[in-house]
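Enquirer: First the structure, which I've put down as C-alpha cells, then a few questions once you've had a look.
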Amino acid sequence: MSRVRRERRQAATIVESGRGALGAGHLLRPGHDRHVAVFNRVLGVRQLVQAVLLLRAGSGNAHVLGAAVDATHAVTMVPMMFVGGRWGRIAVRQFLIATALAVAEVALVGTGGRRGTGRRR
C-alpha cells in the first residue's frame, strides 16, 4: 500500500471513529425527554451504521456519499433552528456536527484532480 493510501486510510479511520463515538454517545445518553431520546437513538444508530459502512467500503465514492448524507442532515436541521427552545438548540448543534462531518468526508476524498501527471488542463 502506498504512503498516500495509508495516510488516507488512517485519516478515514480517525473521522469514522469520531463518528462512531458520536453515535455511541447519542445511544448511551439519549436524554430524559421521550421525544429527544427517540431522536438521539435514531441518530446514534445512523451514525454507527454510517461509520461502519464507510470504513468497510473505504472508497472515495463511499465518502462522497457519506458527505451527501451529512449535508442532507445539516440542511434538514435549518428549519428546526427557527423553532427555538430545546429543539432549536438541538438543531443548531446537529447542524454544526453534520457540517463538520460533511467537510471531513470531503477532505478525505480531496479535489479529485490527478497529481504528478505533468499534464496541464
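Enquirer: Only one residue in L43, L53, L27 is in a helix (DSSP H, G or I), open to solvent by 20 Å² or more (accessible area, probe 1.4 Å) and either modelled with pLDDT under 95 or within 16 Å of A102 (Cα to Cα) (or both). Which one? Before the answer, list the steps.
Expert: Values: L43 fails: open to solvent by 20 Å² or more (accessible area, probe 1.4 Å); L27 fails: either modelled with pLDDT under 95 or within 16 Å of A102 (Cα to Cα) (or both).
Result: L53 is the single residue among L43, L53, L27 that is in a helix (DSSP H, G or I), open to solvent by 20 Å² or more (accessible area, probe 1.4 Å) and either modelled with pLDDT under 95 or within 16 Å of A102 (Cα to Cα) (or both).
Enquirer: Look at G31 and say whether it is on the phi < 0 side of the Ramachandran plot and over 14 Å from the mean Cα position of the chain (by Cα). Spell out how you get there, then give the answer.
Expert: Values: on the phi < 0 side of the Ramachandran plot: no; over 14 Å from the mean Cα position of the chain (by Cα): yes.
No.
Enquirer: Continuing with the same structure: Determine, yes or no, whether R19 is open to solvent by 60 Å² or more (accessible area, probe 1.4 Å) and not hydroxyl-bearing (S, T, Y).
Expert: Working: open to solvent by 60 Å² or more (accessible area, probe 1.4 Å): no; not hydroxyl-bearing (S, T, Y): yes.
No, not satisfied.
Enquirer: Could you check, for region 18-39, whether at least one of its residues is aromatic (F, W, Y) and free of Cβ contacts under 8 Å to residues at least 40 places away in the same chain?
Expert: Pass one, region 18-39, residues aromatic (F, W, Y): 39.
When the remaining residues are screened for being free of Cβ contacts under 8 Å to residues at least 40 places away in the same chain, the result is none.
For region 18-39, residues aromatic (F, W, Y) and free of Cβ contacts under 8 Å to residues at least 40 places away in the same chain: absent.
For every residue, the table says whether it meets (1) open to solvent by 30 Å² or more (accessible area, probe 1.4 Å); (2) more than 16 Å from the chain's Cα centre (by Cα); (3) aliphatic (A, V, I, L, M).
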{"position": "A71", "(1), (2), (3)": "yes, no, yes"}
{"position": "A74", "(1), (2), (3)": "no, no, yes"}
{"position": "M80", "(1), (2), (3)": "yes, yes, yes"}
{"position": "V83", "(1), (2), (3)": "yes, yes, yes"}
{"position": "R89", "(1), (2), (3)": "yes, yes, no"}
{"position": "R93", "(1), (2), (3)": "yes, no, no"}
{"position": "L96", "(1), (2), (3)": "yes, no, yes"}
{"position": "V106", "(1), (2), (3)": "yes, no, yes"}
{"position": "G110", "(1), (2), (3)": "yes, no, no"}
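Enquirer: Any residue at all in region 79-89 that's in contact with a Ser or Thr (Cβ under 9 Å, 6 or more places away or on another chain) and modelled with pLDDT of 95 or more? If you could, list the steps in order and put the result at the bottom.
Expert: Quick first cut of region 79-89, residues in contact with a Ser or Thr (Cβ under 9 Å, 6 or more places away or on another chain) only: none.
No - not one qualifying residue is present in region 79-89.
The values are calculated or read from the model by the stated rules, or taken from the named source; none is laboratory data. Quantities reported herein were computed from a predicted structural model and do not represent experimental measurements. Neighbour counts are summed over all protein chains in view; Cβ atoms, including those assigned to glycine, are modelled from backbone coordinates with ideal geometry. When the accessible area is computed, the model is the full protein with side chains, heavy atoms only, and any ligands, DNA or RNA have been set aside. Shrake-Rupley method; radii C 1.70, N 1.55, O 1.52, S 1.80 Å.
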